[in-house]
Amino acid sequence: MSTAERERAVTRIRREEMRKKSRQAVAGFDLTFSPVKSVSALWATADVGIQEQIVAAHHEAVADVLSLIEQHAAFTRSGDGGIAQLDTRGVIAAAFDHWDSRSGDPQLHTHVVVANRVQGPDGTWRTLDGRVLYPGRGRDVGDPQRASRRPSRASFGREMGASRTRFPAQSGVRDRRDSGRTAPRVLARTEQIEANLTALLDERLDQIHPPSRREMYALRQHSTLMNRPAKHLAQPLTVLMAQWRKRADQAIGPDAVAAIQRALNNAAERPLAAADLSPETLDAYGAATVLTLQTKRATWTRWNLLAEAARRTRLLRFVSTTDRFAALQRPSNAPNSTRSASLHPTS
């Protein structure tokens, strides 16, 4: 093995080892809830009334997702080796609102710290079953929950006189409708992360095959942490707002907010209820869900099905979180019985 080949092999092994996570006890989980860039840009440049509506919609979305987590993802384990998975009586969490990113860009987001202690149905306090939330399946658990946040955006639109907003849906997958429409100088850090990702892709040893979904996720994480700026000196929110409005005016002109408001007011499509989708439509979504999963995975879980169903239906808008989740149940459950074979049959 030549020196160059040895260096490449060592680099590859180091990267693989760095991706491996050691199992250790944790005190809790930090869940971050952040709307898409255009929402933060509008919030940073709008008047006080609109800002309050955006923050209220964001908080409603966070509450909806936490409710779904408590109902469908907060479990504990009991028995020899944790063989039995048990329901819980909810989670203990504390929420903290943040307004900006490390680089000083507007980034409305909320950190929710969930304690790693839950009470089982028998009253005993145990740890959360982290296998549902972390590490790998956490992304799939989050996808249907990210989709559930959309009704808050619809509520915001109705309060402004629209029946549905045109904001891109929150999703772990970038929504192309949001790309390029937000003022680049308002969100400078995003450009830097994209440049980092491009550089990492150019440095890949395998330039023949495209990166897998798992590798792309790791590369995006790495690109976000590269040359990550130190947290800037804290400033009053009023000062930050003035700076953001000035930057937005310089980048896209003073009529940007008015244009967004006109787009909201012109949105005339009615949000859907779960009952509005016919069985044929839901079956079609279910077939597409399984076909897509077959190209990505050899096996899958119910959360994988829910996450893919959420991606398939991400352009639909529903009147409530309950309606959206009910609509997701059919595409994720029906295929599991008709197009998938269970590796752990119940009987």
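Each reported figure results from applying straightforward, stated rules to the coordinates on display, with no laboratory input. Source: prediction; values computed, not measured. When we count neighbours, we look across all protein chains shown, and the Cβ atoms used for this are built from the backbone with ideal geometry, even at glycine.
Packing, taken as the mean count of other beta carbons within 10 Å per residue, orders the peptides 75-88, 32-45 from highest to lowest as 32-45, 75-88.
Where in region 308-328 does the amide nitrogen come within less than 15 Å of the point 7 Å from the Cα of Ser67, taken along Cα to Cβ? Zone members listed by number: 318-327. Highest average first, the peptides 300-308, 51-59 ordered by how many other beta carbon atoms sit within 10 Å of their residues are 300-308, 51-59. Around the Cα centre of region 187-232, unit charges on the Cβ atoms of Lys, Arg, Asp and Glu (plus for the first two, minus for the last two) sum to a dipole of about 300 debye. Shown here is the pair-distance distribution of region 18-117: with all Cα-Cα distances grouped in 5 Å bins from zero up to the longest one, the shares run 2, 11, 16, 18, 15, 13, 10, 6, 4, 2, 1, 0 percent. Converting the Cα gyration tensor eigenvalues of region 187-232 into ellipsoid dimensions via √(5λ) gives semi-axes, longest first, of 23, 10, 8 Å.
With a Förster radius of 41 Å applied to the beta-carbon distance between Asp249 and Arg214, the computed FRET efficiency rounds to 0.45.
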